[in-house]
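Colleague: Dropping the structure in here first, questions after.
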Amino acid sequence: MARTRSSSSILLRYFNPAYYLKRPTRLALLFIAFVFVSFIVWDRQTLVREHEEEILMLKEEVEHLQIELEELKHEGGVSVEKTNTRRKRVDIAKTDSISTDPIEAQRREKVKDAMLHAWTSYEKYAWGRDELQPQSKNGVDSFGGLGATLIDSLDTLYIMGLDEQFQRAKEWVENSLDFNKSYDASVFETTIRVVGGLLSAYDLSGDNVFLEKAKDIADRLLPAWNTPSGIPYNFINLVHGNAHNPGWTGGDSILADSGTEQLEFIALTQRTGDPKYQEKVENVILVLNKTFPADGLLPIYINPHRGTTSHSTITFGAMGDSFYEYLLKVWIQGNKTEVVKHYREMWETSMEGLLSLVRKTAPSSFTYISEKIGNSLIDKMDELACFAPGMIALGSSGYGPDDSTKFLQLAEELAFTCYNFYQSTTTKLAGENYFFHSGQDMTVGTSWNILRPETVESLFYLWRLTGNKTYQEWGWNIFQAFEKNSRVESGYVGLKDVNTGVKDNMMQSFFLAETLKYLYLLFSPPSVISLDEWVFNTEAHPLKIVPRFAPGEERKPRIR
């Protein structure tokens, strides 16, 4: 019987060269197939290799650009090289896509709804005016007609993802904002609201129109620093450049008004490459540092001719507050480098002085910061001073372990007192200031509430820095009190009296710039305006942190 070939023997013949020598057509096909496969393999390997090289080059370019952005060369201590802060849209608004606590998300939306109500009312009744009067449904120009509420609200709209509203506001800035007004503007208010608001909008959106407008108004403010000492006059005419101080100060400049322009003007120099802005404001600190007292506490009046302080109140409240805030924040803005170290040193000296003003009430042991005239303490604390718990908490990490714990605890105690400013009234909204008497804890002094942000600002910082949700609960209670007592048909109003609840007729621009922004961030993930990347000015406008270096300081190579 004949045997059939096995399948294995049939397959083996295809590996025998003699098979193809007898069949030239198949040999040619095999050769073509070999060349084709070889080309495909080679091409794939080449593409992979080129792709890997391209990725490596892109990574190196990104790293290079990051270094270029973060490290500036300086000449004479002032940056003259423009920082490339123009960027694509900062994607911070889409917080809904971030996994968060559902209660936080719900509360954040409620705050956003409040912002929409306030903004829509402003847009309807006061578009382009400085502030809205909700009861009478009309706008007023409290700051010379510079569109204060609109500019103050730009970054809040952006952060909350209200894109259409932001675009309409941007178009107004581009087409209608005009600073050529014969108006005596407050250098302080115009800097923190207008310059700060425009720079923040620029840092967030990268749109150059905001930077150009910031330069325009800053140039109009600069002559205020042309004094014998360099301490600025606090008011200036925006057209003629005539600067002066108010009569009620006796010709003196005010501490907070003179020492709260550093963040904005340094940022302007970093973004334009023009050193004149930074030079003017840093000279103020150099002048004050020459006679800086051992306790770091300065009276609120400064002579602009001599550059020395006058006999007046020492306070962390009105007219003193933000000077101390900016000592810390300029250090943070410069990324805590050696060139800004003296700001931190001055701030720490002032914090030792602050400790000498700290007192406790009886019987409830509320911690508060008293005021001082000469050697006498006054048992009074402004709600404005409720920024201090947040400032102290923010600066506590710069200390060693023991002092860090001590100052963070002080911040938490002061925040508890500020929260009780709200809880102690009928409406659960705080008065303007409080007095402390033995056996009585606290009593409200000036009893109005004008929608101020300082307490919720401190709650925001303490929540970010400790993770303690108690501060979110306190903030939510304050927000609900605003909703109950201050919300009206056409916006939000303050109260003439926090116990009777009688309403006033003004929606302050800082309610949109600060109060609602801090409340929104209180219920947002910490990555939204990260404190590692941004520093807030005293009007809650976030500015990008940019490292500063001494003249000629060499960059240290990064070790991969």
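Colleague: So which residues in the range 428-464 are crowded, with 19+ Cβ neighbours inside 10 Å, part of a loop (DSSP other than H, G, I, E, B) and touching a strand residue (DSSP E or B) at 6+ places or on another chain (Cβ under 8 Å)?
Modeller: Matches in the range 428-464: Leu429, Ala430, Gly431, Glu432, Leu451.
Colleague: Next up: Considering only the range 318-335, I want to know if a residue exists there that is β-branched (Val, Ile, Thr), open to solvent by 20 Å² or more (accessible area, probe 1.4 Å) and either under 21 Å from Thr538 (Cβ atoms) or not in a helix (DSSP H, G or I) (or both).
Modeller: no
Colleague: Moving on. Quick one: is Ile236 hydrophobic (A, V, I, L, M, F, W, C), touching a strand residue (DSSP E or B) at 6+ places or on another chain (Cβ under 7 Å) and modelled with pLDDT of 95 or more?
Modeller: For Ile236, the condition - hydrophobic (A, V, I, L, M, F, W, C), touching a strand residue (DSSP E or B) at 6+ places or on another chain (Cβ under 7 Å) and modelled with pLDDT of 95 or more - is met.
Colleague: Considering only residues that are surrounded by fewer than 20 Cβ atoms within 10 Å (Cβ to Cβ), of a type in the set (Asp, Glu) and within 22 Å of Val493 (Cβ to Cβ), which ones fall in the range 132-174?
Modeller: Passing the criteria: only Asp141.
Colleague: Please work out which one of (1) under 19 Å from Gly390 (Cβ atoms); (2) among the small types (Gly, Ala, Ser); (3) crowded, with 21+ Cβ neighbours inside 10 Å is the condition Ser486 fails and give its number.
Modeller: (1)
Colleague: Here is a list of conditions, (1) at positive phi; (2) touching a residue at least 24 places away in the same chain (Cβ under 8 Å), and Ser365 meets all of them except one; can you say which number that is?
Modeller: (2)
Colleague: While we're here: I'm checking my understanding of the structure. Among residues of the range 375-410 that are open to solvent by 50 Å² or more (accessible area, probe 1.4 Å) and among the charged types (D, E, K, R), which one is farthest from Tyr471 (Cα to Cα)?
Modeller: Asp379
The values are calculated or read from the model by the stated rules, or taken from the named source; none is laboratory data. Keep in mind that what you see is a predicted model, and the values were worked out from it rather than measured. In this analysis, Cβ positions are derived from the backbone assuming ideal geometry, glycine residues included, and neighbour counts consider all displayed protein chains. Protein only, heavy atoms only, side chains kept; ligands, DNA and RNA dropped before computing areas. Shrake-Rupley method; radii C 1.70, N 1.55, O 1.52, S 1.80 Å.
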